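Enquirer: Structure below; questions to follow.
The values are calculated or read from the model by the stated rules, or taken from the named source; none is laboratory data. As the structure is a prediction and not an experimental result, all values here were calculated from the model. Ideal geometry is used to build each Cβ from the backbone, glycine not excepted, and the neighbour counts take in all protein chains shown. Heavy atoms of the whole protein, side chains included, go into the accessibility calculation; ligands, DNA and RNA do not. Shrake-Rupley method; radii C 1.70, N 1.55, O 1.52, S 1.80 Å.
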Amino acid sequence: MADFSIPTPALTRWTVDMFLAAGSSDEEARLAADHLVGANLAGHDSHGVGMVPRYVNSLLEDGLKLNRRIEVPVDTGSMLICDGMRGLGQSVAHQAMTLAIERTRQHGVVAMGLRNAHHIGRVGHWAEQATAAGMVSVHFVNAIAFQVMVAPHRGAQPRFLTNPFTVGIPRPGGEPILLDFATSAIAQGKVRVAYNKKVEVPAGALIDADGRPTRDPAVMFERRAGVQPTFEEPGAGLGALLTIAEHKGYAMALVCELLGAALTGGETAQPRNMPTNHAIWNNMFTLLFDPARLGSTDTFGREMADYLAWVQSARPTDPAKPILVPGDPERASRRERAARVPIDETTVAQMDAASAAIADRYGRSPGPVSALAAPR
Ligand code: NAD
């Protein structure tokens, strides 16, 4: 698949203009573009501008709402429930995190639930908002879409989406530690890429419709002949992704579902809560605290620096691949992609189609993104 390469400022402008054309305020369009292009810059293309077509479909079906302000039905000062009102995740999560960070400055520690957000994208972005303010943050996130796709450990049918778990730790005098990953063995987007390229996925990532291990990505897209989807099992006849680390990843995904959604008053990923269209919703439970209020500021920074140096002093198994800390790969990607973002041909075509769909509905659009791209 030929990649295109788009200058970062032009891609950002295009993304801002897409959301403006769809009716977003200037602020919302800027938040969306910074987040989505930011995910590409961080190396997470699965959550970058390639999501714009999905968001456009959801918007045109009235699943995604623009210009929503969060509601705050529970507010005890340090405990907050924010309702995203199905608003653009890049905006409502920003609003909820801004409020939670402000409260963490006042109270030292905050528990915040964000429910009913449209897709909040790369969760690490929200941890980075916290670490930039000097706060530690821990995020448990569930997701809901028309179909679940990740099987519980020992299960042969899917019951989750890819529920991410994220932790941000500010590093005094250094770049933050950022743990930010899906609890599925590989991302759904990576299965699609393998299917399109007709290549196998790594072992241990997939099972077929009978629950048998497979490396064939087609099990996620080609329904077994003669099997019909039902309300209870929309994925009948399809395979499923496995969680990371067997029972441990399953347990993490379950905790994300229970804290992210059930606890916050959001919806868990069961048939009665699933949208029937392109909408993708997230619920997130976030714990935030100010490490300076724990009285260990000196030792925290020193101990962390010494410990990370000790960890990274281990002999690498491959000298060409040094030991990294979580957050390093994203920073390396940002340096590499600062000027231009690579985007695959299929995604560019989908983004062009999304722009045309916005022009059809609203009478304006930024035009095709392919016009900005040079084949690599
Ligand atoms: P991934 O497998 O690329 O793992 C990323 C994490 O691993 C990062 O913390 C990174 O710094 C760390 N890492 C990578 N290589 C490392 C190394 N050599 N040493 C130390 N740490 C290393 O991520 P993923 O599971 O594919 O998830 C990608 C993104 O998708 C995340 O940002 C996640 O938030 C997002 N996501 C969002 C949703 C949603 O519903 N909104 C769902 C799933 C995933």
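Conditions (1) assigned to a helix (DSSP H, G or I); (2) farther than 21 Å from Gly124 by Cβ, marked per residue:
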{"residue": "Asn282", "(1), (2)": "no, no"}
{"residue": "Thr299", "(1), (2)": "yes, yes"}
{"residue": "Met304", "(1), (2)": "yes, no"}
{"residue": "Ala314", "(1), (2)": "no, yes"}
{"residue": "Asp318", "(1), (2)": "no, yes"}
{"residue": "Val341", "(1), (2)": "no, no"}
{"residue": "Thr346", "(1), (2)": "yes, yes"}
{"residue": "Ala349", "(1), (2)": "yes, yes"}
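Enquirer: Tally up the residues in segment 332-371 that are open to solvent by 60 Å² or more (accessible area, probe 1.4 Å) and on the phi > 0 side of the Ramachandran plot, please.
Expert: Of the residues in that region, 1 qualify.
Enquirer: Does Ile323 meet the test of being aliphatic (A, V, I, L, M), in a helix (DSSP H, G or I), modelled with pLDDT of 95 or more and over 16 Å from Gly48 (Cβ atoms)? Step through it out loud before you land on a result.
Expert: On the way: aliphatic (A, V, I, L, M): yes; in a helix (DSSP H, G or I): no; modelled with pLDDT of 95 or more: yes; over 16 Å from Gly48 (Cβ atoms): yes.
No.
Enquirer: (1) of a type outside the set (Ser, Thr, Tyr); (2) surrounded by fewer than 19 Cβ atoms within 10 Å (Cβ to Cβ); (3) touching a strand residue (DSSP E or B) at 6+ places or on another chain (Cβ under 6 Å); (4) not in a strand (DSSP E or B): which one isn't true of Arg192, the others all being true?
Expert: Single failed check for Arg192: (3).
Enquirer: If you scan segment 298-324, which residues turn out to be open to solvent by less than 60 Å² (accessible area, probe 1.4 Å) and away from the ligand (no atom under 13 Å from the Cβ)?
Expert: Gly301, Met304, Ala305 - these are the residues of segment 298-324 that are open to solvent by less than 60 Å² (accessible area, probe 1.4 Å) and away from the ligand (no atom under 13 Å from the Cβ).
Enquirer: Oh, and also: Considering segment 23-45 alone, what residues qualify as being within 16 Å of the ligand (Cβ to nearest atom) and of a type outside the set (Asp, Glu)? Please lay out each step first, then the result.
Expert: Step one: filter segment 23-45 for residues within 16 Å of the ligand (Cβ to nearest atom), giving 31-32, 34-45.
Scanning segment 23-45 gives Leu31, Ala32, His35, Leu36, Val37, Gly38, Ala39, Asn40, Leu41, Ala42, Gly43, His44.
Enquirer: In the set Ala309, Ala292, Ala359, Ala354, which member is closer than 19 Å to Arg13 by Cβ, more than 22 Å from the chain's Cα centre (by Cα) and in a helix (DSSP H, G or I)?
Expert: One residue alone meets the criteria, Ala359.
Enquirer: Taking strands (runs of 3 or more DSSP E) that do not extend beyond segment 1-110, which have at least 1 residues that are crowded, with 16+ Cβ neighbours inside 10 Å?
Expert: In segment 1-110, 3-7, 79-83 are the strands (runs of 3 or more DSSP E) which contain 1 or more residues that are crowded, with 16+ Cβ neighbours inside 10 Å.
Enquirer: For a quick check of your reading: which strands (runs of 3 or more DSSP E) sit entirely within segment 127-187 and have at least 1 residues that are out of contact with any Gly (no Cβ under 6 Å at 6 or more places or on another chain), within 14 Å of the ligand (Cβ to nearest atom) and among the β-branched types (Val, Ile, Thr)?
Expert: 136-144, 164-171
Enquirer: Then there's this: Would you mind finding the one in Ala332, Ala356, Ala338, Ala374 that is modelled with pLDDT of 95 or more, of a type in the set (A, V, I, L, M) and more than 22 Å from His35 (Cα to Cα)?
Expert: Ala356
Enquirer: Further, regarding this structure: How many residues are loosely packed, with under 15 Cβ neighbours inside 10 Å and either charged (D, E, K, R) or part of a loop (DSSP other than H, G, I, E, B) (or both) when one looks only at segment 224-247?
Expert: Total satisfying the criteria: 12.
Enquirer: Report yes if some residue within segment 180-187 is in contact with a Leu (Cβ under 7 Å, 6 or more places away or on another chain), at positive phi and touching a residue at least 12 places away in the same chain (Cβ under 8 Å); otherwise report no.
Expert: no
Enquirer: Note down all Cβ pairs under 6 Å where the first residue falls in segment 100-120 and is within 16 Å of the ligand (Cβ to nearest atom), the second is open to solvent by 10 Å² or more (accessible area, probe 1.4 Å) and in a loop (DSSP other than H, G, I, E, B), and they're at least six residues apart or on different chains.
Expert: Arg115/Gly265; Arg115/Gly266; Asn116/Arg86; His118/Arg86; His119/Ile280
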